[in-house]
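Here the structure is laid out as structure tokens; the discussion comes afterwards.
The values are calculated or read from the model by the stated rules, or taken from the named source; none is laboratory data. Being a predicted model, the structure only gives us computed values, none of them experimental. So basically every Cβ, Gly included, is an ideal-geometry build from the backbone, and we count neighbours across all protein chains shown. The area values use the complete protein model at the heavy-atom level, side chains included, leaving out ligands, DNA and RNA. Shrake-Rupley method; radii C 1.70, N 1.55, O 1.52, S 1.80 Å.
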Amino acid sequence: MTDHMTDPVSDQINDHAPSAGAPAALTRRRLLGTVGAAGAAGVALGATGGALVHAAVESDGSGAPELSSVGTAEVAFHVKHQAGIATPVQACGHLIAFDLAPGAGRKEAAALMRRWSATAKALMAGETTGADTGIALDAGPSSLTVTFGFGRTFFDRTGLVAQRPAELDPLPDFSSDRLDAKRSHGDLWVQIGADDALVTFHALRALQKDAGAAARVRWQMNGFNRTPGATKKPMTARNLMGQIDGTGNPKPTDPDFEKRIFVPDSGKPAWMANGSYAVVRRIRMLLDDWEKVPLAQQEQVIGRRKTDGAPLSGGTETTPMRLDAFGPDGKLVIPDNAHARISAPEQNGGAAMLRRAFSYHDGISADGVPDAGLLFIAWQADPLRGFVPVQRKLDRGDALSAFIRHEASGLFAVPGGPRAGEYVGQLLLES
């Protein structure tokens, strides 16, 4: 885990509220509710700095109230950068990796990406597709995003090794890794996020069915965050350790944001222009051990106050850390092995990544402890300059390492957003 926070990109999200008198048809763009459930018309903000959405009670002409709120938020599919990278983090998420089926190659992969892109575009607009299962009927788009990436082995299987970026070279081994190969890597990777669990599951099922005989599921993981509107004001999310998690993330308003997170138009290979690289890690939290640690010691491990996320050197959550501050005892106020200190960009030659994570809970293990933690997704223009140097430093002396375990890993090349009429990865597959 690193000390980052996700900020919204407003031009990727549009709120569409149904007009009064609209037909009362069963479509995903209609969200029915009651006045009592919503209260007076108002405004809600996502708990992790999410998009502004409006709660409004309208009539469909039948006399029944119609509620449009979180479900009306729509994220565009045809954008410069694929949706789901700088988009505000949603409440629900699925990560899924596929391997191409034996005998499937470039032709089959291109056909699959066409199908997946068409399905993603429709679902992100709140529309039904083909033989729809009806899982998400009556729900709006709910900020649904579907993001596609290619793993290192994809290029071997499609005969496109010459087009494989150097940035997809395998990540180095880290001493704290306890990786399960069956839940790591993959030819193809899909990230699904939305603010409604049925909408995310609907997208997951649609994409899995679209895979047909071309690809098989390698692994799949489920995650969650706070639901938009669950807090009185916009707040950085807390993780399952109870810590405010993600304060120092690069922000879209930063002058170097694009340079740090996205491959430039002139980047190589050309098909990765405006794309990014996703490092995906399943990080288990040893919660029983963590919860035995006194609060003051937890704060020393992290380097921030648990109540409000402020650095131990003082101020508020967004106050810069004073890494050279000493206490009356002559010791550093933020310990030299504190997670926030070690992961800070100024401690890593400016290395930064956009951290966009989901928490997960996969039940109770046989030994009675929760199988829970973080689905860590780090976005950067170059993982060798983003994730790798920070993780190497954390690996050498992070106090948090005693309470977490890296159990799965993946690295994926995520091309830029498709233009109108194109599918994701078209420039690669038709080069």
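Can you name every one of the helices (runs of 4 or more DSSP H) wholly within region 220-309 that holds 3 or more residues which are crowded, with 16+ Cβ neighbours inside 10 Å and in contact with a strand residue (DSSP E or B) (Cβ under 7 Å, 6 or more places away or on another chain)?
Counting at least 3 such residues, we get no helices (runs of 4 or more DSSP H) at all.
Could you grab me the full set of residues in region 346-400 that are among the β-branched types (Val, Ile, Thr), in contact with a helix residue (DSSP H, G or I) (Cβ under 8 Å, 6 or more places away or on another chain) and closer than 24 Å to Ala166 by Cα? Spell out how you get there, then give the answer.
Looking only at region 346-400, we keep the residues that are among the β-branched types (Val, Ile, Thr), and these are 364, 369, 377, 388, 390.
So of that shortlist, the ones also in contact with a helix residue (DSSP H, G or I) (Cβ under 8 Å, 6 or more places away or on another chain) come out as 369, 390.
Within region 346-400, Val390 is the sole residue that qualifies.
For region 344-363, enumerate the residues that are small (Gly, Ala, Ser) and surrounded by fewer than 19 Cβ atoms within 10 Å (Cβ to Cβ). Steps first, answer last, please.
Of all residues in region 344-363, those small (Gly, Ala, Ser) come to 344, 349-352, 357, 359, 363.
Once the filter is applied, which keeps residues that are small (Gly, Ala, Ser) and surrounded by fewer than 19 Cβ atoms within 10 Å (Cβ to Cβ), region 344-363 yields Gly349, Gly350, Gly363.
What residue, among those in region 333-370 that are among the acidic types (Asp, Glu) and in a loop (DSSP other than H, G, I, E, B), is farthest from Gln297 (Cα to Cα)? Full working, then the answer.
Filtering region 333-370 down to residues among the acidic types (Asp, Glu) leaves 336, 346, 362, 367.
Within this subset, residues satisfying the condition of being in a loop (DSSP other than H, G, I, E, B) are 336, 367.
Values: Asp336: 14, Asp367: 26 Å.
It comes out as Asp367.
Tally up the residues in region 245-298 that are modelled with pLDDT under 95 and among the β-branched types (Val, Ile, Thr), please.
2
Hey, Val75 hits all of (1) open to solvent by less than 10 Å² (accessible area, probe 1.4 Å); (2) closer than 25 Å to Arg218 by Cα but one; which does it fall short on?
(2)
Here is a yes/no grid of residues against (1) open to solvent by less than 20 Å² (accessible area, probe 1.4 Å); (2) part of a strand (DSSP E or B):
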site	(1), (2)
Val79	no, no
Gln82	yes, no
Thr87	yes, no
Leu95	yes, yes
Arg114	no, no
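Got a sec? Which of Ala310, Ala325, Ala338 is small (Gly, Ala, Ser), under 13 Å from Ala402 (Cα atoms) and modelled with pLDDT of 95 or more?
Values: Ala310 fails: under 13 Å from Ala402 (Cα atoms); Ala325 fails: under 13 Å from Ala402 (Cα atoms).
Just a single option satisfies the conditions, and that option is Ala338.
Select from region 160-186 the residues that are touching a Lys or Arg at 6+ places or on another chain (Cβ under 6 Å) and part of a loop (DSSP other than H, G, I, E, B) and write down the one among them that is farthest from Ile283 (Cα to Cα).
Step one: of region 160-186, the residues touching a Lys or Arg at 6+ places or on another chain (Cβ under 6 Å) are 168, 178, 186.
Subsequent filtering for residues that are part of a loop (DSSP other than H, G, I, E, B) retains 178, 186.
Values: Arg178: 10, Gly186: 18 Å.
Looking at residues that are touching a Lys or Arg at 6+ places or on another chain (Cβ under 6 Å) and part of a loop (DSSP other than H, G, I, E, B), I get Gly186.
Could you list, in sequence order, all residues of region 404-431 that are buried (at least 21 other Cβ atoms within 10 Å of the Cβ) and assigned to a helix (DSSP H, G or I)?
Within region 404-431, Leu428, Leu429 qualify.
Is it true that some residue in region 118-137 is in contact with a Pro (Cβ under 9 Å, 6 or more places away or on another chain), in a strand (DSSP E or B) and in contact (Cβ under 8 Å) with a residue 12 or more places away in the chain?
Scanning region 118-137, I find no residue that is in contact with a Pro (Cβ under 9 Å, 6 or more places away or on another chain), in a strand (DSSP E or B) and in contact (Cβ under 8 Å) with a residue 12 or more places away in the chain, so the answer is no.
Could you say which residue among Thr158, Thr147, Thr119 is of a type in the set (Ser, Thr, Tyr) and under 24 Å from Asn249 (Cβ atoms)?
Values: Thr158 fails: under 24 Å from Asn249 (Cβ atoms); Thr119 fails: under 24 Å from Asn249 (Cβ atoms).
Selected residue: Thr147, the only one of Thr158, Thr147, Thr119 that is of a type in the set (Ser, Thr, Tyr) and under 24 Å from Asn249 (Cβ atoms).
Do you know which of the residues in region 172-193 that are among the hydrophobic types (A, V, I, L, M, F, W, C) and in contact with a strand residue (DSSP E or B) (Cβ under 6 Å, 6 or more places away or on another chain) is nearest to Val388 (Cα to Cα)?
At the first step, the residues of region 172-193 found to be among the hydrophobic types (A, V, I, L, M, F, W, C) are 174, 179, 181, 188-190, 192.
In the following step, the residues that additionally are in contact with a strand residue (DSSP E or B) (Cβ under 6 Å, 6 or more places away or on another chain) were identified as 179, 188-190, 192.
Details: Leu179: 16, Leu188: 22, Trp189: 20, Val190: 22, Ile192: 25 Å.
So the residue we want is Leu179.
Can you tell me which condition Ala197 does not meet? The list is (1) at pLDDT 95 or above; (2) of a type in the set (Gly, Ala, Ser); (3) more than 20 Å from Ala378 (Cα to Cα); (4) surrounded by 19 or more Cβ atoms within 10 Å (Cβ to Cβ), and all the others hold.
(4)
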